Every structure is written in C-alpha cells, then in structure tokens.
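To start, the structure itself, in structure tokens.
The values are calculated or read from the model by the stated rules, or taken from the named source; none is laboratory data. Everything numeric in this text was worked out from a predicted model, so none of it was measured. Ideal geometry is used to build each Cβ from the backbone, glycine not excepted, and the neighbour counts take in all protein chains shown. Ligands, DNA and RNA are excluded from the accessible area calculation, which covers all protein heavy atoms including side chains. Shrake-Rupley method; radii C 1.70, N 1.55, O 1.52, S 1.80 Å.
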Amino acid sequence: VNSEEVLVIASNKMGHGDDKLGEILIKSFIHVLTESEKVPGTIVFYNSGVLLASDNSACLDDLKLMEENGVEILLCGTCADYYNIADKISAGKISNMRIIAKKMEEAVKIIKP
C-alpha cells in the first residue's frame with residue numbers, strides 16, 4: 001500500500017462511450033488493483049462512484065479485500081445521500097468533502113482512471 005497515492009473514482013463507469021462497457025472496465029480496473037503490488041493508500045469515491053461500494057455492487061468483494069489489506073476507502077457522504085445509498089454502503093466509510101479534499105491536497109500522486 002502506497003500511502004502517498006490517492007485513487008479518485010468519480011463514476012461507476014470507466015471512460016466515455018457505451019455505459020455497459022464502462023461498467024465492465026471499472027470492475028476490471030478495481031479487480032486488477034487487488035492483484036497489484038503497488039496499491040494506492042486511499043481510494044476516494046464521489047458522484048456515482050459511490051455506487052461501487054454499495055450492497056449490490058459487482059466491485060464489493062474487491063473493495064472489501066483492499067480494505068482488509070490496509071487501503072483506506074472514503075466515500076462522499078453528500079453523494080451517498082444523493083443516491084439514497086448511505087444505509088447500503090458495504091465497503092469503506094462515509095466521509096465529507098473537507099476530508100476528501102485534504103487527502104487529495106496531501107497526496108504526492110493522484111490517479112484518476
């Protein structure tokens with residue numbers, strides 16, 4: 001786990017274009033991270049990205065595994081409320097924009113797929 005890196009996931013899809021393909025890509029990206037030796041110390045989810053940490057997400061097992069291995073997972077509370085999933089979050093912890101902004105400010109490297 002590299003504590004100087006922050007991964008920012010702002011959508012439940014990766015890239016622009018076909019939504020189904022974007023969902024497949026983000027799931028694959030998150031899964032590949034679980035197999036990586038150099039995982040970011042913090043993963044921040046905001047906007048529709050918070051959906052990836054909810055009960056019925058295809059990414060849930062991978063996120064839980066990363067969390068067990070020491071990755072800090074932060075979710076935008078405003079976003080979780082907007083999508084009405086605050087009570088359905090199964091990985092990570094609800095946070096706020098002040099903490100998210102601070103994590104990003106302090107990061108040596110920000111990764112955004």
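Does Leu65 satisfy the condition of being closer than 22 Å to Gly15 by Cβ and not charged (D, E, K, R)?
In short, no.
Within the set of pairs 6+ apart or on separate chains, which have a first residue in the range 1-30 that is under 14 Å from Thr42 (Cβ atoms), a second that is among the small types (Gly, Ala, Ser) and open to solvent by 30 Å² or more (accessible area, probe 1.4 Å), and C-beta atoms under 8 Å apart?
Hits for this filter: Val1/Gly70.
Would you check which residues across the range 16-60 are part of a loop (DSSP other than H, G, I, E, B), farther than 14 Å from Ile111 by Cα and not hydroxyl-bearing (Ser, Thr, Tyr) and list them?
His16, Gly17, Asp18, Glu35, Glu37, Asp55, Asn56, Ala58, Cys59
Please list, ordered by first then second residue, the pairs with beta carbon atoms under 6 Å, 6 or more apart or interchain, first in the range 60-79 and at positive phi, second open to solvent by 10 Å² or more (accessible area, probe 1.4 Å).
Here the result reads Gly70/Val1, each pair linking the range 60-79 to a residue that is open to solvent by 10 Å² or more (accessible area, probe 1.4 Å).
Tally the residues that are loosely packed, with under 12 Cβ neighbours inside 10 Å and closer than 14 Å to Lys112 by Cβ, restricting the search to the range 16-34.
1
On the given criteria, is Met104 surrounded by fewer than 16 Cβ atoms within 10 Å (Cβ to Cβ) and part of a helix (DSSP H, G or I)?
yes
Of the conditions (1) charged (D, E, K, R); (2) open to solvent by 80 Å² or more (accessible area, probe 1.4 Å); (3) modelled with pLDDT of 95 or more, Glu37 clears all except one; give me its number.
(3)
Restricting the search to the range 61-93, which residues are open to solvent by 50 Å² or more (accessible area, probe 1.4 Å), in contact with an Asp or Glu (Cβ under 9 Å, 6 or more places away or on another chain) and assigned to a strand (DSSP E or B)?
Of everything in the range 61-93, just one residue is open to solvent by 50 Å² or more (accessible area, probe 1.4 Å), in contact with an Asp or Glu (Cβ under 9 Å, 6 or more places away or on another chain) and assigned to a strand (DSSP E or B), namely Lys93.
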